[in-house]
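Everything below concerns the one structure shown next.
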Protein chains: 2
Amino acid sequence: MLRDTAFLLVVAILLAPPEHAMAAGEAPMISIAIHGGAGVITRGSMTRDEEEAYRKDLGRALDAGYDVLESGGSSLDAVTAAVRILEDSPLFNAGRGAVFSHEGINELDASIMDGRTLEAGAVAGVTHIRNPIDLARLVMERSQHVLLAGEGAEEFALEQGMELVPQNYFFTERRWQQLEKARTGDRYSAAEIGYYGTVGAVALDRQGNLAAATSTGGMTNKRWGRIGDSPIIGAGTYADNDSCAISATGSGEFFIRTVAAHEISALMKYRGLALGEAAREVVQGRLKRIGGDGGVIAVDRAGNVALEFNTEGMFRGARDSKGRREIGIY
Amino acid sequence: MLRDTAFLLVVAILLAPPEHAMAAGEAPMISIAIHGGAGVITRGSMTRDEEEAYRKDLGRALDAGYDVLESGGSSLDAVTAAVRILEDSPLFNAGRGAVFSHEGINELDASIMDGRTLEAGAVAGVTHIRNPIDLARLVMERSQHVLLAGEGAEEFALEQGMELVPQNYFFTERRWQQLEKARTGDRYSAAEIGYYGTVGAVALDRQGNLAAATSTGGMTNKRWGRIGDSPIIGAGTYADNDSCAISATGSGEFFIRTVAAHEISALMKYRGLALGEAAREVVQGRLKRIGGDGGVIAVDRAGNVALEFNTEGMFRGARDSKGRREIGIY
């Protein structure tokens, strides 16, 4: 009897479709996740109206990316569409709502990666680019390079026909107040919403291709041309069809030192961890052990999503073709 | 009889010391490796005098680093000492001998990492720093950041009391001629010695700590503020006492896309490969498949060294406390 049960169990396991298999005629899974930064985000720290505004813009970005996937578009186009909306919102620390550096200017970083080809593009320290994610994508598609920085990156943008915007496009009163507070050395306030915030998106398209994108204004009051993890392939952004696509947000230096995004990919490929286990291991284990705060969003080829953070909150959203649609903050 | 042999074999295996164990009273293994760039370096391409000059400076750097280790110094001090000598030599594409960018200036990148703490420092696009590796180390030790770029990085250098040098310190006739040639679009010449060159060192000290350092002038005729893999932790440089220390040289964009240095570390940690296997897998496999040229030097905690390249040559050297001392080019 026990032997029969064991036999039937083995047969059932052998016959079970793999996690990502689909029934005949069913469309392949599509999936997207986004984030809008992680940090000390507690229920008391926002009014209901503020919370509603965040949820609305997160939802718009999530749905814009999902619509691209649903109409058969590529994961690259989906993550670009989602990140562009978050960059255009004044609420998030990227594009329009970027934080101010010590010198009172907005220095923007972004990166994008194609999991199918391992091609990637990134920009660091640009100050006149409305949508840094678009420029990162141009670097990927129209240069032989991966990472362009500063004035040189803007020269490339001009050569590609991109219009520059004046620096005052990025002025928001709230970010200016955060800089003033940070300048007076109030360290706790520095950890409040948006100090570390970054936006990002990861997606799986119908062709089974993964992509990841990240964009940020960096740290309030940052100095000396500091570059964080967002434009660093392997640290803040990574995508490889053989494992997963990841976008990170948090205290960038720690994500660089642990090569956080690539570490998650490696744990899946070489230690056989599932996506959620790999993300947890890095965010709650390796990063935390050296003092790193923040989180990641990730998606694998089966359309599984991980939304992992070790801070009190992370602005986030996930949607897939199985009907899941969620927006979260705390 | 067979059973007895098998039994003795098992006992012998169980009693055998692990690879890195030492006999009682013997000093722990120390080991260092350096590189001075990889590329189309064939026997016909250099005169005997030129070859002798390269060998001499590689030997000086190797021995300077080894002397630090032998006198009980740290692997961090050893790799810094070795890289500083290669930066001061006009022969290598780093520091003094850096190649020229499209605009006719020398933009230098460097990074360093401590395998014991996973602390790291890096600079990108500096133009007035005699020894960028020293500045990368200051970033690691005296800032909360990992990567500083451009003028901001030089502001930090000044605040730390480092003297800047005028740009003409980096003028060498040979590099200027290479720029002229590259500007005329002779693509083959672009692949000659020094176009991609970079210098680096990895070491294991008596305390069992690993460190890695890399420094470069980037690509001849580079434009748009291009940053390669050398200042990118995980791509051109990585060190982790749990696996190995790595410094890379080659077509940087491919090393960024494969996160080459961290990939070698991950293959050791998570797939259980030996150092040499992991380096070979990345340099001859993963990198080559997407079109990446170059090589890596690496050392593990047992003092094993890997010198792996997929180009015709790589300037390199290795020395350890077992009496090995070798300099190689082809």
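The values are calculated or read from the model by the stated rules, or taken from the named source; none is laboratory data. Since we're looking at a predicted model, the values are computed, not measured. Methodologically, a virtual Cβ is constructed for each residue, glycine included, from the backbone with ideal geometry; neighbour enumeration extends over all protein chains shown. Only protein heavy atoms, including side chains, enter the accessible area calculation; ligands, DNA and RNA are left aside. Shrake-Rupley method; radii C 1.70, N 1.55, O 1.52, S 1.80 Å.
Miscellaneous remarks
- Unmet requirement for A:L273, which otherwise passes all of (1) over 16 Å from A:A110 (Cα atoms); (2) without any contact (Cβ under 8 Å) to a residue 40 or more places away in the chain; (3) in a loop (DSSP other than H, G, I, E, B); (4) in contact with a His (Cβ under 9 Å, 6 or more places away or on another chain): (4)
- Restricting segment A:225-256 to residues that are among the aromatic types (F, W, Y) and touching a residue at least 40 places away in the same chain (Cβ under 8 Å), the residue that is surrounded by the fewest Cβ atoms within 10 Å (Cβ to Cβ) is A:F254.
- Flag for A:Y270 being open to solvent by 10 Å² or more (accessible area, probe 1.4 Å) and either under 16 Å from the mean Cα position of the chain (by Cα) or modelled with pLDDT under 95 (or both): no
- Selection from segment B:94-126 of residues that are more than 30 Å from B:R301 (Cβ to Cβ) and crowded, with 21+ Cβ neighbours inside 10 Å: B:R96, B:G97, B:A98, B:V99, B:F100, B:S101, B:N106, B:E107, B:L108, B:G125, B:V126
- Any chance A:L138 is out of contact with any Phe, Trp or Tyr (no Cβ under 7 Å at 6 or more places or on another chain), modelled with pLDDT of 95 or more and either at positive phi or surrounded by fewer than 24 Cβ atoms within 10 Å (Cβ to Cβ) (or both): yes
- Flag for A:E119 being modelled with pLDDT of 95 or more and within 12 Å of chain B (Cβ to nearest Cβ): yes
- Going through (1) within 13 Å of chain A (Cβ to nearest Cβ); (2) part of a strand (DSSP E or B); (3) of a type in the set (S, T, Y) one by one, B:T249 falls short only on (1).
One line per residue, one yes/no per condition, for (1) open to solvent by 60 Å² or more (accessible area, probe 1.4 Å); (2) assigned to a helix (DSSP H, G or I); (3) at pLDDT below 70:
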| position | (1), (2), (3) |
| --- | --- |
| B:R3 | yes, yes, yes |
| B:L9 | yes, yes, yes |
| B:P18 | yes, no, yes |
| B:P28 | no, no, no |
| B:A38 | no, no, no |
| B:E51 | no, yes, no |
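- Subset of segment A:143-173 that is away from chain B (no Cβ under 14 Å) and in a helix (DSSP H, G or I) - its residue that is farthest from A:G121 (Cα to Cα): A:E173
- Filtered residues of segment B:256-297 (kept if touching a Lys or Arg at 6+ places or on another chain (Cβ under 9 Å), within 12 Å of chain A (Cβ to nearest Cβ) and among the small types (G, A, S)): B:A260, B:A266, B:A278, B:G292
- Residue check, B:A306 among the hydrophobic types (A, V, I, L, M, F, W, C), farther than 22 Å from A:L267 by Cβ, over 16 Å from the mean Cα position of the chain (by Cα) and not in a helix (DSSP H, G or I): no
- Once segment B:209-234 is narrowed to residues that are closer than 17 Å to B:A38 by Cα and more than 13 Å from chain A (Cβ to nearest Cβ), the residue that is modelled with the lowest pLDDT is B:T220.
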